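Read through the structure below, which is laid out as C-alpha cells, and then see the notes.
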Amino acid sequence: MEILQVESSLICTSRIAGLEKMSLRVLRSQGGKRQVAVDPIGARPGNWVYTVSGSAARYAAGNFAVLTDLTIGGIIDNWEPDTPAS
Amino acid sequence: MEILQVESSLICTSRIAGLEKMSLRVLRSQGGKRQVAVDPIGARPGNWVYTVSGSAARYAAGNFAVLTDLTIGGIIDNWEPDTPAS
Amino acid sequence: MEILQVESSLICTSRIAGLEKMSLRVLRSQGGKRQVAVDPIGARPGNWVYTVSGSAARYAAGNFAVLTDLTIGGIIDNWEPDTPAS
Amino acid sequence: MEILQVESSLICTSRIAGLEKMSLRVLRSQGGKRQVAVDPIGARPGNWVYTVSGSAARYAAGNFAVLTDLTIGGIIDNWEPDTPAS
Amino acid sequence: MEILQVESSLICTSRIAGLEKMSLRVLRSQGGKRQVAVDPIGARPGNWVYTVSGSAARYAAGNFAVLTDLTIGGIIDNWEPDTPAS
C-alpha cells in the first residue's frame with residue numbers, strides 16, 4: 001500500500017455510473033505525483049493516508065460494485081515524511 | 001486513479017475482437033507519457049479526466065467483455081495542472 | 001493501454017506450458033524499455049501497437065488459458081512518436 | 001516479488017474494516033521509497049523481506065478477506081543490498 | 001512480460017505457507033533493479049528469462065495456489081542486452 005497525503009476533493013459532473021455516492025479525493029505523493037482515490041473514511045486535506053490498489057480497492061470501498069482502483073484504507077496517526085526519495 | 005488529458009482519438013484498422021464499438025483515446029500525463037484508454041463518456045481533446053485501471057477498467061467500460069486495462073471514469077470539472085513532478 | 005513498437009520475435013526453447021502456440025514479440029517503448037507480449041494479430045517489426053495488460057491480456061489473447069500479462073490489442077494506423085517523455 | 005526492508009510498524013486509529021487484526025509495517029526499498037504491507041510472519045525492523053503484491057497478497061495474508069495489496073512473504077536469510085539502482 | 005537475468009537463488013527460512021516447494025530466484029533487470037520470482041523451469045544464474053506477472057503468475061507456476069506475483073515463463077535462447085534505457 002502507498003502512503004499519500006490528501007490534497008482536495010475532486011468534482012466530476014460527467015462521470016460513469018458505478019461510483020455510487022463515494023467521495024473522490026486527490027492525493028499527492030511525497031514526490032509530488034497526484035492520484036485520485038475513493039474515500040470511505042472521511043479523510044481531510046493534509047491527512048496522510050495509506051491506500052489500497054487493484055481489485056482489493058473495490059472491496060476496500062465497502063462495495064465490490066464501486067469502480068475504483070485506489071481506495072483510502074486508513075488515516076495514519078503520526079507520519080513524518082522524510083527527504084524525497086522517489 | 002490517474003489524472004490525464006485527452007489528446008486525440010486512436011485509429012486501429014487491425015485489432016482484436018473484444019473492444020466492441022468502444023472509442024479509444026490517446027491520453028497524456030502531465031509529464032508527457034501517452035497511454036490509450038477506452039472512453040465510455042465522450043471526452044474531448046483538452047479535457048482532463050481520471051482513469052480507472054486493472055480489472056475495474058473492464059467494469060467501468062460498462063461491459064465486462066470489453067478488453068481494456070484503462071477506462072475513462074469521469075471528466076474533471078476544473079483542473080489546474082501544476083509544475084511537473086513525475 | 002501502452003503504445004509500443006514491435007522490434008522482433010522472441011525464441012524460447014525452454015518455456016512453461018500454457019502459452020499454446022502463441023507468438024511472442026519483443027516490444028520497445030519510445031523511451032527504449034523492452035517488454036514481451038503475446039501477438040494474436042500478426043504485427044510486424046516496426047509496427048506501432050497498443051497493448052493490453054493484466055488479466056485482460058489473457059482474454060485478449062483469445063483464450064483465457066494463455067499465460068500472458070501483456071497482449072497486443074491492435075496495430076495503430078498512423079503513429080508519430082514525439083520527443084521522449086518518460 | 002520485491003525486496004524491501006522493514007522500517008517500523010504503522011498505526012492507524014481510523015481505518016477501514018477488513019484488515020482484521022493484521023499488523024501493518026512500513027517497508028523501505030533500497031532506493032528509499034516507502035510502502036505499507038501486511039505482515040503475517042512477524043518481521044522486525046531491519047529485516048530484509050520479499051513482498052507479494054496484487055490479488056496474491058490477499059491469499060498470502062492467510063485470509064482472502066484481508067484487504068491488502070502488499071503482504072510480506074518471507075524474511076530473507078542473508079541479504080546484501082548493493083549500490084542503488086532504481 | 002519483462003526480460004530479466006537470473007542472479008541467484010533466494011533462501012528464506014521464515015516464510016508464509018503457500019509457495020509449496022517452488023524455487024525462488026533473484027532476477028536483475030538490465031537497469032539493475034532486483035526482483036524475486038518463482039522458477040518452475042530450472043533457470044541458471046546468467047540466463048535471460050521473461051517473466052509473467054499478476055494473477056497469470058500463479059497459473060504460470062503450474063498451481064494456482066502458489067502465492068507469487070512473478071513467475072519465470074521461459075529462458076530466452078539468445079539475448080543481447082543493449083544500452084541501458086530505463
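Inter-chain Cβ neighbour count for B:5-16, averaged per residue, equals 5 (cutoff 10 Å, partner chain atoms only). Projecting the Cα atoms of E:Ala57, E:Leu24, E:Leu4 onto the dipole axis of chain E, where Lys and Arg carry +1 and Asp and Glu carry -1 at the beta carbon, places E:Leu24 farthest toward the positive end. The calculated 222 nm mean residue ellipticity attributable to helices in chain E amounts to -1500 deg cm²/dmol, summing -39500 (n - 2.57) over DSSP H runs of n ≥ 4 and dividing by all residues. At an R0 of 22 angstrom, the distance between the Cβ atoms of E:Asp77 and C:Asn63 translates into a FRET efficiency of 0.35. Under 16 Å Cα to Cα from D:Lys33, which lysines show up? Leave out anything in the same chain fewer than 8 places away. Reachable lysines: A:Lys33, E:Lys33.
Over the whole of B:42-55, what's the average partner chain Cβ count within 10 Å per residue? Rounded to a whole number, please. Mean partner-chain Cβ count within 10 Å for B:42-55: 4. In nanometres and ascending order, the distances from the A:Gly31 label point to those of the other copies are 0.5, 0.6, 0.9, 0.9 (point 7 Å from Cα along Cα→Cβ). Listed by chain and number, the aspartates and glutamates placed with their C-alpha closer than 14 angstrom to that of E:Lys21 are E:Asp39; residues fewer than eight positions away on the same chain are left out. For C:Gly18, the distances from its label point to the matching points in the remaining copies are 1.7, 1.7, 2.7, 2.7 nm, ordered from shortest, with each point set 7 Å beyond Cα toward Cβ.
Rolling a 1.4 Å probe across the protein heavy atoms gives chain D an accessible surface of 42 Å² per residue. Distances between copies of A:Glu7, taken at a point 7 Å out from Cα along the Cα→Cβ vector and listed shortest first: 2.1, 2.1, 3.4, 3.4 nm. For chain B, trypsin sites (Lys or Arg not before Pro) meeting the loop criterion (DSSP other than H, G, I, E, B) and having at most 13 other Cβ atoms within 10 Å: B:Lys21.
Roughly to the nearest percent, how much of the accessible area of chain B is carbon and sulfur, given a 1.4 Å probe? Don't skip to the end; give the middle numbers.
Working: 1720 of 3640 Å².
The value for chain B is 47 percent carbon and sulfur by accessible area.
Going by a ≥ b ≥ c, the root eigenvalues of the Cα gyration tensor, does chain C fall in the rounded group (a/c under 1.5), the prolate group (a/b larger than b/c) or the oblate group? Walk me through the numbers before you get to the answer.
Details: a/c = 1.97, a/b = 1.66, b/c = 1.19.
Taking the square roots of the gyration eigenvalues as a ≥ b ≥ c, chain C is prolate.
Rounded to whole numbers, the Karplus 3J(HN,Hα) couplings from phi for the stretch C:74-80 are x, 9, 7, 5, 9, 9, 10 Hz, using 6.51 cos²θ - 1.76 cosθ + 1.60 with θ = phi - 60°, and x at Gly and Pro.
At q = 0.10, 0.13 Å⁻¹, what is the base-10 log of I(q)/I(0) for the protein assembly as shown according to the Debye formula with one equal point scatterer per Cα and no solvent? Please give it to two decimals. Cα-only, vacuum Debye calculation for the protein assembly as shown: -0.68, -1.23.
GNM on chain A, alpha-carbon springs under 10 angstrom: the most fluctuating residue among A:Ala17, A:Ala60, A:Ala43 is A:Ala17.
How big is the A/D interface in buried accessible area, both sides summed, 1.4 Å probe, to the nearest 100 Å²?
Chain pair A/D: roughly 1900 Å² of buried accessible area.
The values are calculated or read from the model by the stated rules, or taken from the named source; none is laboratory data. Remember, predicted model here, so these are calculated numbers, not experimental data. Cβ sites come from the backbone with ideal geometry, for glycine too, and all protein chains shown count toward neighbours. The area values use the complete protein model at the heavy-atom level, side chains included, leaving out ligands, DNA and RNA. Shrake-Rupley method; radii C 1.70, N 1.55, O 1.52, S 1.80 Å.
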